[in-house]
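Worksheet: the structure to be examined is printed underneath.
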Amino acid sequence: MKHLAILGASGHGKVIADAAEQLGWQQVTFFDDAWPQVKKNGPWDVQGDTESLIARLSDFEGVVVGIGNNRIRSEKHRLLSVAEANLVSIIHPSAIVSPHASVGFGAVVFANAVINPCAVVGAGAIVNTGAIVEHDCVVGDFAHVSPNAVLAGGVTLGEEVWVGACASVRQLISVGRDGIVGMGAVVTKDVESGATVMGNPARTRNQ
Ligand SMILES: CC(C)(COP(=O)(O)OP(=O)(O)OC[C@H]1O[C@@H](n2cnc3c(N)ncnc32)[C@H](O)[C@@H]1OP(=O)(O)O)[C@@H](O)C(=O)NCCC(=O)NCCS
């Protein structure tokens, strides 16, 4: 029996569970710190919190964190890693991932995403539905490329960067750690760490 545990009973977690089933995982069980108040996530059971998951790691062939918030996903992933969980990546069968690209432990790649050669997707990163990560890109650990976002060739995203839905990032641009690119932005210049940019062409939001 291939049994997957997902920490984070969220909408994002549901998409991971769905992809996992299509990949042949036979059972999916959620854990969430809102348990026991939360006992279901769509059709899937929620059976405990982070602590309960750590106590039951040997019941699961794989574990993944299904939390959309980059910082919290990173914290939970690191906690599970220290507990020696078998953190797996989940890549939807319709995603196209070049054999010359790499996808880190605990990363998820959703339906119709494309990851082209020599791209490196870090641990715990999210490449969401229909996103394109072109050749030679680096997607930092715990970064998130939202649905239909496009990273042109050689783009570098630092750790925990969030690129919003339908945003485009010009080739060879860097987005520094914790940077946020708003939905639909067209990024033509490097983005400083921690900055939020929006619009076309993207401008830094005044703090
Ligand atoms: C950029 C972003 C992070 C800002 O969020 P926020 O800090 O909560 O900002 P607010 O919603 O308070 O908006 C602040 C202002 O920026 C504008 N704004 C927000 N997002 C914008 C965007 N992507 N492009 C242009 N303007 C935007 C708002 O209209 C508002 O303008 P106003 O002050 O004139 O009313 C957010 O809007 C965004 O784009 N998130 C990505 C969402 C996404 O892709 N989700 C996919 C998940 S799978």
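The values are calculated or read from the model by the stated rules, or taken from the named source; none is laboratory data. Remember, predicted model here, so these are calculated numbers, not experimental data. Counting neighbours? That spans all protein chains shown, and the Cβs are built from the backbone with ideal geometry, glycine included. These accessible areas exclude ligands, DNA and RNA; they are computed on the full protein's heavy atoms, side chains included. Shrake-Rupley method; radii C 1.70, N 1.55, O 1.52, S 1.80 Å.
Look at E75 and say whether it is of a type in the set (D, E) and in a loop (DSSP other than H, G, I, E, B). It would help to see each step written out before you state the result.
Numbers: of a type in the set (D, E): yes; in a loop (DSSP other than H, G, I, E, B): no.
It is false that E75 is of a type in the set (D, E) and in a loop (DSSP other than H, G, I, E, B).
Tell me which residues, restricted to segment 159-185, are within 16 Å of E134 (Cα to Cα) and either more than 8 Å from the ligand (Cβ to nearest atom) or buried (at least 20 other Cβ atoms within 10 Å of the Cβ) (or both).
Matches in segment 159-185: V163, A167, S168, V169, R170, Q171, L172, I173, S174, V175.
Determine if segment 32-51 includes at least one residue that is over 21 Å from V109 (Cβ atoms) and in a helix (DSSP H, G or I).
Within segment 32-51, one or more residues are over 21 Å from V109 (Cβ atoms) and in a helix (DSSP H, G or I).
Go through V109, V103 for me and flag whichever is within 22 Å of K14 (Cβ to Cβ), more than 16 Å from the ligand (Cβ to nearest atom) and either of a type in the set (K, R) or buried (at least 20 other Cβ atoms within 10 Å of the Cβ) (or both). Spell out how you get there, then give the answer.
Details: V109 fails: more than 16 Å from the ligand (Cβ to nearest atom).
Only one candidate qualifies: V103.
Residues to consider are A5, A9, A17, A85; find the one that is surrounded by 22 or more Cβ atoms within 10 Å (Cβ to Cβ) and touching a Pro at 6+ places or on another chain (Cβ under 9 Å).
Result of the check over A5, A9, A17, A85: A17.
Please go through segment 29-46 and give me each residue that is open to solvent by 10 Å² or more (accessible area, probe 1.4 Å) and within 17 Å of L87 (Cα to Cα), ordered by number.
Across segment 29-46, the qualifying residue is only D32.
Give the number of residues within segment 196-205 that are surrounded by fewer than 18 Cβ atoms within 10 Å (Cβ to Cβ), more than 8 Å from the ligand (Cβ to nearest atom) and part of a loop (DSSP other than H, G, I, E, B).
2
Pick out the one residue from V150, V145, V138 that is modelled with pLDDT of 95 or more and surrounded by 21 or more Cβ atoms within 10 Å (Cβ to Cβ).
Numbers: V150 fails: surrounded by 21 or more Cβ atoms within 10 Å (Cβ to Cβ); V138 fails: surrounded by 21 or more Cβ atoms within 10 Å (Cβ to Cβ).
Going through V150, V145, V138 in turn, just one is modelled with pLDDT of 95 or more and surrounded by 21 or more Cβ atoms within 10 Å (Cβ to Cβ): V145.
Pairs only if they're at least six apart or on different chains, beta carbon under 8 angstrom, first in segment 18-43 and at negative phi, second surrounded by 15 or more Cβ atoms within 10 Å (Cβ to Cβ) and of a type in the set (F, W, Y); list them, first residue then second.
A19/F110; V28/W44; T29/W44; T29/F60; F30/W44; N41/F30
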